[in-house]
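No value in this document is a laboratory result; all are computed from the given coordinates. Here the structure is a predicted model, which is why all the values come from computation and not from measurement. A quick note on method: Cβ atoms are made from the backbone with ideal geometry, for glycine too, and the neighbour counts reach across all protein chains shown.
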Amino acid sequence: MFHLPIVAAGENNQMGHSADWSYEGKTGPAHWDCLSEEYALCGSGKQQSPIDITESIKANLPALEFNYNRIPLIIENNGHTIQITTDKAGELKIGDDAYQLLQFHFHTPSEEAINSKRTDMVIHLVHKNAQGELAVVAVLLECGEMANPLIETLWNVMPKTPGKPQSYEGEIDINQLVPKEKNYYAFDGSLTTPPCTEGVKWIVLKQTVSISAEQLAQYKSVYYENIRPLQPLNGREVFSSN
């Protein structure tokens with residue numbers, strides 16, 4: 001069904017800026033704050049992500065309501081990850097607050113850790129509300145017997161080299177990426193890539209989603225390890241929904 005690209009879908013819309021950065025060497029995470037003045041927060045910020053969740057406070061957190069629509073497939077290799085643009089894809093409701101889904105992308109292994117353990121991969125679903133505030137939902141992926149049907153569709157057309165977004169025939173259902181159980185951890189953090197902007201609401205779902213070993217290997221053939229090192233909590237509290 002998804003074979004030939006129809007049109008390029010606009011310019012790169014990743015949440016980074018113009019200075020070159022990477023995950024290794026002289027442009028890697030240890031040097032991000034020196035690459036551009038706009039990236040200074042990567043070194044000086046006190047609420048940076050990702051973190052290692054080792055302790056959490058049980059709290060009466062609002063329920064999560066995912067209201068995602070089926071949308072056309074627009075996929076991009078932006079030089080740092082595989083990213084899917086999600087125009088008019090619907091929203092995430094956190095209590096009374098509504099956040100529109102902007103895009104989602106992948107890291108391997110997971111950037112966030114729970115009790116110092118990273119999972120095989122993570123999906124970051126990036127949302128923004130009417131006030132311009134960001135909320136990122138982390139869906140942790142683990143290798144298992146079950147392949148994920150949506151990821152199979154994405155990997156069939158995954159661009160192996162960086163380039164402009166490409167649009168494909170047919171539609172995708174993002175709900176196939178979300179686990180049934182919606183219990184989660186919540187904390188204040190940042191973007192995990194330059195410019196490392198803070199004030200981001202982070203939600204890490206506790207239930208993992210299964211992918212196959214083949215699906216993991218396919219992604220690793222393009223991006224073997226695209227993660228930022230764990231960042232200090234600096235006194236932040238992590239809340240748990242149950």
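Structure summary
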{"read-out": "In the stretch 42-70, residue farthest from PRO29 (Cα to Cα) [restricted to those that are part of a strand (DSSP E or B) and among the basic types (Lys, Arg)]", "value": "ARG70"}
{"read-out": "Leading residue by the ranking (surrounded by the most Cβ atoms within 10 Å (Cβ to Cβ)) among those in the stretch 65-81 that are closer than 22 Å to GLY189 by Cα and under 17 Å from the mean Cα position of the chain (by Cα)", "value": "THR81"}
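Here's the yes/no breakdown for (1) closer than 18 Å to CYS42 by Cα; (2) out of contact with any Ser or Thr (no Cβ under 7 Å at 6 or more places or on another chain); (3) crowded, with 20+ Cβ neighbours inside 10 Å:
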residue: VAL157; (1), (2), (3): no, yes, no
residue: GLN166; (1), (2), (3): no, yes, no
residue: ASP173; (1), (2), (3): no, yes, no
residue: GLN176; (1), (2), (3): no, yes, no
residue: GLU181; (1), (2), (3): no, yes, no
residue: TYR185; (1), (2), (3): no, no, yes
residue: CYS196; (1), (2), (3): yes, no, yes
residue: GLY199; (1), (2), (3): yes, yes, no
residue: TRP202; (1), (2), (3): yes, no, yes
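Residue by residue, here is whether (1) free of Cβ contacts under 8 Å to residues at least 60 places away in the same chain; (2) in contact with a Pro (Cβ under 7 Å, 6 or more places away or on another chain); (3) under 20 Å from ASP120 (Cβ atoms); (4) not in a strand (DSSP E or B) holds:
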residue	(1), (2), (3), (4)
GLN176	yes, yes, yes, yes
GLU181	yes, no, yes, yes
TYR185	no, no, yes, no
PRO195	no, no, no, yes
ILE203	no, no, yes, no
LEU216	no, no, yes, yes
